[in-house]
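Accompanying notes for the structure given below.
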Amino acid sequence: MNYDFKSIEKKWQQKWVEEKSFKAIDFHPTKPKYYVLYEFYNISGNLHMGHLKGTVPADALARFKRFKGYNVLFPIGGDAFGLPAENAAIKTGIAPADFVEAGMKKVLSQSQALGLSFDYDRTICTSSPDYYKWTQWIFLQLLKHGKAYKKKGVVNFCPNCQTTLSNEDSQGGKCDRCGGDVVQKERWVWFLKMKEYSQKLLGNVDRINMAENLKEAQRNWIGRSEGMEVSLDLYADSGEKLGKVEIFTTCIETIYGMTFVVLAPEHEYVEKFKDNIKNYDEVVAYKQKTALRSEFDRKSNLKEKTGCKVEGLYVVNPVNNAKIPVYLADFVLAGYGTGAVMAVPTHDQRDFDFAKEFNIPMIQVIEGDVSKQAVEKKEYLAKNSKLLNSAEFSGMKVLDAKKKIADKLEKMGAGKRVVNYAMGDWPFNRQRYWGEPFPVVFCDHCGTVPLDEKDLPLVLPKTKDYLPNEKGDSPLSKVESFVHCKCPKCGRDAVRETDTMPNWAGSSWYWLRYCDPHNDNALADFEKLKYWGSVDCYTGGTEHITRHVLYAFFWQNFLYEIGAVPTRDPFIRKMGSGLILDDQGKKMSKSSANGVSPLEVIDKYGADAARLHLHFLGGYEDNTPWTYDGITGITAFLDRVWGLQDIIKGEEVSKEHRIELNKLIKKVTEDIEDLKLNTIISALMIFMKKVREDGFITKEELRSFLILLNPLAPHITSEVFERVFKTQILDEKWPEYDEKYLVDDQVDLPVQINGKMKQVVKVKRDISQEDLLKFLSENYKALYNGEELKKVIYVPNRILNLIK
RNA sequence: GCCGGUGUGGCGGAAUGGCAGACGCAUGGGACUUAAAAUCCCAAGUUCGAAAGGGCGUGUGGGUUCGACCCCCACCACCGGCACCA
């Protein structure tokens with residue numbers, strides 16, 4: 001009888017859905033909870049190979065935990081606001097909501113075809129009003145608690161898409177949407193005060209269980225650095241004191257070497273002191289030029305410094321009262337530190353290059369050869385070099401001087417030690433149609449007024465025009481009935497905010513909603529949030545590690561602080577799945593990762609085979625090149641699983657298989673927690689080999705074997721189990737292993753002579769060294785014949801090494 | 001430039017101080033078959049040797065150890081993150 005995967009897989013998939021086999025129970029009276037989360041689907045089209053890579057291990061873990069007696073929450077949903085729906089609307093005219101509805105249906109049925117054990121009753125979709133009601137509610141809380149503000153700011157802007165982008169959306173200077181170059185533009189922007197949470201986010205990063213390379217990526221992105229903020233008095237050439245320039249430096253030890261100060265081109269003083277700036281036209285021209293420069297342009301000419309001297313202003317170095325000229329240059333970023341730096345050309349290569357370009361004098365303040373290039377921080381700190389030309393600090397070692405100079409400045413009141421973060425506030429509005437509307441109105445009389453919470457959701461109106469207007473305003477600005485409204489406060493005519501929230505908004509809290517997906521009175525019931533707690537294991541791609549995951553940390557911290565959720569950490573553990581690569585034109589070059597759909601594999605070989613094959617190719621966190629090569633090994637294995645029905649002999653675990661089975665249980669139990677599906681499959685194959693060699697399997701052995709394989713290949717195991725045992729595999733418990741059956745009475749002991757492997761001998765378990773040597777001298781004279789030994793290393797049951 | 005990760009047969013990959021290359025693919029041989037497919041069995045790191053057996057082998061060079069893919073030092077390559085970050 002052959003295994004007919006088509007009908008059997010379908011049978012089980014229907015059964016699971018109809019019977020709601022994987023329903024998570026709120027407040028289960030006896031079972032402990034376990035929350036497994038897979039990054040919800042971006043609703044764009046069909047599931048692809050990456051989904052197979054990400055979902056199956058999560059599914060296996062969920063199924064394993066259920067066998068282990070946990071009440072498992074394993075939900076799924078759709079991240080639906082965003083580009084695919086909007087692009088489809090622009091291109092084909094299909095309403096985004098319809099696109100999303102069809103897309104959701106598709107991915108859910110495809111999930112079922114993969115045999116994924118989601119609780120489909122908890123499915124959510126970020127673009128449905130009963131969900132985004134709470135995204136809007138969170139925004140109102142942010143606004144209420146002063147964590148959201150609107151200001152004219154310089155932001156990343158994509159000229160092609162006509163919209164504002166966050167730093168996270170324009171990594172590498174490229175638009176995340178269209179791949180085009182991003183420019184800097186001044187606009188009205190809603191910001192969320194994410195920077196304020198930098199240190200807390202680092203705390204989340206420290207606490208989460210996650211691969212080191214991912215943690216590093218996040219720490220780099222947050223970009224903590226310790227330094228000093230120093231106030232320099234600013235004067236006009238006339239001698240009139242205008243104010244103070246605040247600079248940030250991590251190298252306070254070089255302050256005596258400061259020969260100029262550089263402001264970011266966007267620095268407010270350009271505008272503020274324009275009457276004192278003698279070459280104002282030139283300064284403004286430079287400012288405009290830099291704004292148009294793309295990131296790409298800036299980065300491709302790092303050595304070439306551009307800048308502009310600001311004539312008519314100077315600052316004073318507080319430690320020695322030296323007069324210091326002021327420049328504008330685009331190497332200083334408005335968003336980092338104070339947007340102003342002290343420049344020390346002798347000890348910073350960038351300043352060195354700038355000084356050469358603009359003929360600015362240099363003062364060496366730390367020993368070393370600065371004739372050709374700067375002696376930088378890394379070098380002088382490592383050597384702990386001595387200071388020069390630094391008044392009372394001359395001759396002092398750098399590490400010491402760093403502290404003393406900082407102390408002096410603090411005592412003078414001219415500086416303070418600060419910590420800076422590279423991560424900025426989150427620009428939170430987009431000039432797009434398909435997103436959450438902001439629940440605020442602008443009233444001439446009352447200013448910016450938030451909607452009342454009870455008026456949420458503010459529903460996104462229907463339209464047929466999905467393009468921004470010629471001024472770059474959101475498509476919503478064209479929907480008159482939406483724009484015009486009454487002020488909630490005074491009742492006068494007012495207008496709505498017409499920008500929408502970024503596509504990351506809905507995904508920044510969705511794991512909370514799964515705990516209570518249909519609640520109309522809160523984002524989720526607090527007691528339910530408490531019950532399900534943090535996500536125990538969160539799987540998904542690594543490409544969102546510096547965006548979505550950081551946003552998630554940010555919102556969870558905020559919600560925790562306002563008492564809306566019971567925990568500061570959204571996730572206890574995060575597993576980043578590797579990528580599926582195409583095969584680099586080797587043998588089967590016709591297929592590429594993008595070209596092969598998991599549905600195609602399911603159609604040809606079945607869902608179980610597709611699940612096993614992809615995960616046999618490599619570990620969860622590794623990148624795996626996709627190939628059909630080797631899938632026959634998997635299908636042959638599944639056929640043999642099917643064939644086990646025909647060789648059942650005996651009831652209890654047999655003597656012949658007891659050790660193999662116990663080892664297998666141990667291996668699978670341990671590796672499944674780490675999502676190491678490849679070694680699990682290998683272990684199952686080894687057991688299969690043994691059973692087939694012996695020509696039989698007992699019923700108890702088969703029971704355990706099927707349960708162990710079930711998380712990976714749920715369909716075939718459910719069917720074989722039902723046929724053999726007449727009951728359901730889902731009602732079973734995970735098999736336990738017994739330590740005492742992990743080892744045989746006889747062990748294969750490797751024997752080394754002088755550290756070199758010679759032979760493996762079969763000896764009694766735990767044999768004493770004395771007996772072992774006696775045994776060898778009697779049976780293995782070539783290895784040892786009783787001669788004098790310099791040394792014997794014997795690790796019982798592991799190794800014997802004779803030093804002659 | 002700074003930071004993190006990875007480096008093992010023809011290929012995907014096992015092994016985290018104790019028999020390197022498990023498991024699988026591809027390959028070669030055999031059985032079954034009119035034949036092929038499927039299935040089953042056997043072989044296989046490389047090199048010298050008829051064989052027995054020996055040499056060499058986990059990116060490179062050194063070190064620690066009775067013993068190193070594994071730990072330490074230096075270097076190389078690849079992948080990823082950040083980057084005119086003050």
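Structure data summary
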| quantity | calculated |
| --- | --- |
| Protection proxy ranking, peptides A:244-255, A:717-728, A:743-754, average beta carbon neighbours within 10 Å, highest first | A:244-255, A:717-728, A:743-754 |
| Distance histogram for the stretch A:396-499 (every C-alpha pair counted, 5 angstrom bins, percent rounded to whole numbers) | 2, 11, 15, 14, 11, 8, 4, 4, 5, 7, 8, 7, 4, 1, 0 |
| Qualifying aspartates and glutamates (Cα of each under 16 Å from Cα of A:Lys20; at least 8 residues distant if same chain) | A:Asp59, A:Asp119, A:Asp121, A:Asp731 |
| Accessible-area ranking of A:Arg63, A:Arg547, A:Arg219, largest first, probe 1.4 Å | A:Arg219, A:Arg547, A:Arg63 |
| Contact order normalised by residue count of the stretch A:1-155, Cα under 8 Å, 6+ apart, percent | 28 percent |
| Beta bridges by DSSP in chain A, antiparallel share as percent, to the nearest 5 | 75 percent |
| Mean shadow area of the stretch A:113-176, taken as a quarter of the surface of its Cα convex hull (nm²) | 8.2 nm² |
| Size of charge dipole - the stretch A:375-438 - debye, nearest 20, with Cβ of Lys, Arg +1 and Asp, Glu -1, no other charges | 220 debye |
| Accessible area per residue in Å² at 1.4 Å probe, computed on chain A | 44 Å² |
| Partners for A:Lys462 among lysines (Cα-Cα distance below 27 Å; same-chain residues under 8 apart left out) | A:Lys91, A:Lys105, A:Lys106, A:Lys133, A:Lys150, A:Lys454, A:Lys471, A:Lys478, A:Lys486, A:Lys489 |
| 0 to 90° range, to nearest 10: angle between helix A:714-725 axis and chain A longest Cα axis | 30 degrees |
| Within chain A, helix-based [θ] at 222 nm, where runs of 4 or more DSSP H residues each add -39,500 (n - 2.57), nearest 500 | -10500 deg cm²/dmol |
| Helix A:280-292 vs. chain A, principal-axis angle (Cα, 0 to 90°, nearest 10) | 20 degrees |
| Under 19 Å from A:Lys667, Cα to Cα: lysines that are on another chain or at least 8 residues apart | A:Lys65, A:Lys68, A:Lys676, A:Lys689, A:Lys690, A:Lys733, A:Lys740 |
| Mean Cα-pair separation over length for chain A, i.e. relative contact order, pairs under 8 Å, 6 or more apart, % | 15 percent |
| Cα lying deepest toward the dipole's positive end in the stretch A:399-542, options A:Ala422, A:Leu399, A:Val440, charges on Cβ | A:Leu399 |
| A:Asn429 long-range amide H proximity, modeled H, under 5 Å | A:Trp190 |
| For chain A, radius of gyration divided by Kirkwood radius, i.e. Rg to Rh on alpha-carbons | 1.07 |
| Shape metrics for the stretch A:659-804, restricted to C-alpha atoms - Rg then Dmax, Å | 20.8, 65 |
| DSSP-assigned coil residues among trypsin sites (Lys or Arg not before Pro) in the stretch A:400-502, each with at most 12 further Cβ atoms within 10 Å | A:Lys462, A:Lys464, A:Lys471, A:Arg492 |
| Proximal charge balance of A:Leu523 [Cβ under 10 Å; K/R count +1, D/E count -1] | 0 |
| Relative contact order of the stretch A:715-793, defined on C-alpha pairs under 8 angstrom at six or more residues apart (%) | 15 percent |
| Surface/4 of the Cα convex hull for the stretch A:184-305, nm² | 11.4 nm² |
| On Cα atoms only, tilt of A:699-709 relative to the major axis of chain A in degrees | 20 degrees |
| Net dipole in debye of the stretch A:697-804 [+1 Lys, Arg Cβ; -1 Asp, Glu Cβ; about Cα centre; nearest 20] | 600 debye |
| Cβ-defined net charge surrounding A:Asn678, 10 Å radius [Lys, Arg +1; Asp, Glu -1] | -1 |
| Chain A, dipole about Cα centre (Lys/Arg Cβ +1, Asp/Glu Cβ -1), debye to the nearest 20 | 760 debye |
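The values are calculated or read from the model by the stated rules, or taken from the named source; none is laboratory data. Please read these numbers as outputs of a predicted model, since none were measured by experiment. Quick reminder, even Gly has a Cβ in these numbers, built from the backbone with ideal geometry, and neighbours come from all protein chains shown. Areas reflect the complete protein model, heavy atoms only, side chains present, ligands, DNA and RNA absent. Shrake-Rupley method; radii C 1.70, N 1.55, O 1.52, S 1.80 Å.
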